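The values are calculated or read from the model by the stated rules, or taken from the named source; none is laboratory data. Model, not experiment: these values are computed from the prediction. Positions of Cβ are generated from backbone atoms using ideal geometry, with glycine treated the same way; all protein chains shown enter the neighbour counts. Side chains are part of the model used for accessible areas, which takes the heavy atoms of the whole protein and leaves out ligands, DNA and RNA. Shrake-Rupley method; radii C 1.70, N 1.55, O 1.52, S 1.80 Å.
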Amino acid sequence: MTILLSPTDNVTATLTINGESVVGDNSFDVINPATGLVFATAPDASPTQLDAAFTAAQNAFGGWQRDEDLRRNALRNAADGLGAAIDRIAPVLTAEQGKILSESRREILGATSWLRYYADLELPREIVQDDEKVFSEKLRRPLGPVAAITPWNAPVYIGVAKVATALRAGNTVVLKPSPFAPLSTLLVGEILRDVFPPGVFNVISGNDQLGPLMTGHPLTRIISFTGSIATGKRIAASAAADLKRVTLELGGNDAAIVLADADPEFTAAGIFGAAFSNTGQVCVGAKRIYVAEAIYPELVDALVAEARKARIGNGADPDTDLGPLNNLPQRNFVAELIADTLATGGKVVTGGHVIDGPGYFHESTIITDVNDKSRIVAEEQFGPALPVMSFTTVDEAVARANDTKFGLAGSVWSADEDHGADVAARVEAGTVWVNTHKALSPRQPFAGRKWSGQGVEGGPWALEGFTDPQLLYRAR
Ligand code: NAD
């Protein structure tokens, strides 16, 4: 389980079960997407090890749920511990995921903000009735072990966000990252191993077969999942058999609507960042752009200029702006969507090609003249290829943005903020930004509409998904 980042770096990744470092019964290879080469192995937890993790989480649940001060202090210590380990985790995250080092550092810093936010948050306590006959209040009760399952695009941020919320509410956690980027999460487990009482926070990794074993485990009481819509549906079906609670944060196909009065340079820079950061592999990335025809040519030119300016390379190199795709199937998928675009009349105005050589690199690609039904518009590309379409009326733009099963987020760009907000309110998505895109924070409710999700992450609202209500009724 030794990770070699450079000849001088040695990192050992093990499972965290019941507060202990546990070597996996098996292991699997982890590839650096910037080189296409195996650079480490990760533990492949056996069903027995998975069972041990859930048993530990179950055993720790009683004491943990009763001690609120312990929970708050531990979350603060976890934030400190994680913050202090940025230099250790960030290079590993870049090596396994591909994102540039500064983004890895931001991701880890962002994760600490979730721990601090939930440490400081008061748990809601609502008085239902208070009179001479009755005093009753609605409390929230934790559920038990959480199966937290994350995707490969932002494993530390997404994993720690789940952990912070679940633990604050009084649950215990078994966290599993994607096999495409498992090491940074395993490191988080190692760093936080001593911060929480044994069994409160467990981290396991393994191949895709581990996920269904987690969601089907009899001790799992809630599944907190972030990933694709297809997997989300499978998880919802598997949870139904045991009426496990489920929170699903799923795929997005965010529309950005650019109104005629928007400033093209400012808007193009904002949209380019929102669409191409992490090489387009962001759930709330801008993925379809609808531009008022009056400024369409100008906006396309400005986007093309941004795309040509961004330097593609190994994320560990400080001169790189955009890293590789995380894995070969994902790069092949993006290439397939571009081929489909070209076959159905779309035009590639810049980029369009896989970059030859080692690693999973792809040119930053801007596509125009594309039909709304074409796959690059209708599906989630999750990569560096952006379709940009023109519209005639705002009603038409809103209708086209909403003509989808996706409903994660979106944005509207306008010199008139109030008009932008009016249009934004009509977009069928859980979050809609005005003159920005992808602004996330632990204090905001984040919830996909339609097929993009079920349940809320962030703010006091997320605690509801990690608890059941209880009415405590006192007769007087
Ligand atoms: P994925 O659904 O393939 O995998 C996600 C996780 O689920 C992985 O850990 C995987 O091992 C596990 N898994 C796979 N099959 C499973 C099963 N049957 N039961 C339980 N677990 C299973 O997703 P991905 O390719 O890793 O991530 C990309 C997707 O995630 C994109 O669609 C993206 O939009 C979405 N995403 C959504 C959000 C959000 O907050 N809404 C955030 C990031 C990514």
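Could you order D44, D51 so the one with the most accessible surface comes first? Probe is 1.4 Å.
Details: D44 20, D51 70 Å².
These residues rank, largest area first, as D51, D44.
Across segment 254-440, what fraction of all alpha-carbon pairs, as a whole percent, falls in each successive 5 Å bin from zero upward?
Answer for segment 254-440: a P(r) of 1, 9, 19, 22, 21, 15, 8, 4, 1, 0 percent.
At q = 0.06, 0.11 Å⁻¹, what log₁₀ I(q)/I(0) does a Debye calculation on the Cα points of the chain give, no solvent, two decimals?
So the normalised log intensities work out to -0.27, -0.88.
Name the residue farthest towards the positive end of the dipole of segment 254-440 from the options G315, T392, S277, assuming +1 on Cβ of Lys and Arg, -1 on Cβ of Asp and Glu, about the Cα centre.
Result: G315, furthest along the dipole toward the positive end.
Using the Cα centre of the chain as the reference point, and only Cβ charges (+1 on K/R, -1 on D/E), how large is the resulting charge dipole? Debye, rounded to the nearest 20.
1380
Ignoring ligands and nucleic acids, what accessible area does L259 show with a 1.4 Å probe (Å², nearest 10)?
Rounded to the nearest 10, the figure is 10 Å².
If exposed means no more than 13 neighbouring beta carbons inside 10 Å and the site is in a DSSP loop, what's the longest run of the chain without any exposed GluC sites (Glu not before Pro)? Present the calculation step by step, with values, prior to reporting the outcome.
Working: sites that count: E122, E132.
With GluC sites (Glu not before Pro) excluded where exposed in loops, the chain gives 133-476 as its longest stretch.
Rounded to the nearest 5, what % of the DSSP beta bridges within segment 254-440 are antiparallel ones?
Working: 4 of 25 bridges.
The answer is about 15 percent antiparallel.
Give me the accessible area per residue for the chain, probe 1.4 Å, as a whole number in Å². Intermediate values should be presented prior to the final figure.
On the way: 18570 Å² over 476 residues.
With the other protein chains kept in place, the chain gives 39 Å² per residue.
Label-point separation (nm) for E417 and L109, each offset 7 Å from Cα along Cα-to-Cβ?
Distance between label points: 2.4 nm.
Please tell me which of these pairs span more than 31 angstrom C-alpha to C-alpha: K162/K405; K176/K309; K162/K373? Walk me through the numbers before you get to the answer.
On the way: K162/K405 25 Å; K176/K309 37 Å; K162/K373 35 Å.
Violating the 31 Å Cα-Cα cut-off are K176/K309; K162/K373.
Using only Cα atoms and rounding to the nearest 10 degrees, what angle (0 to 90) does helix 68-84 make with the longest principal axis of the chain?
40
Leaving out ligands, DNA and RNA, what percent of the accessible area of the chain is carbon and sulfur, probe 1.4 Å?
Numbers: 9800 of 18570 Å².
Of all accessible area on the chain, carbon and sulfur atoms account for 53 percent.
So what's the projected area for segment 355-442, the Cα convex hull averaged over all directions, in nm²? Don't skip to the answer; put the middle values down first.
Values: hull surface 31.2 nm².
So the Cα hull casts an average projection of 7.8 nm².
So, with +1 on the Cβ of K and R and -1 on the Cβ of D and E, and no other charges, what is the size of the charge dipole of segment 238-350 about its Cα centre, to the nearest 20 debye? It would help to have the intermediate numbers written out before the result.
Values: 9 positive and 15 negative charges, 91 e Å.
That gives a dipole near 440 debye.
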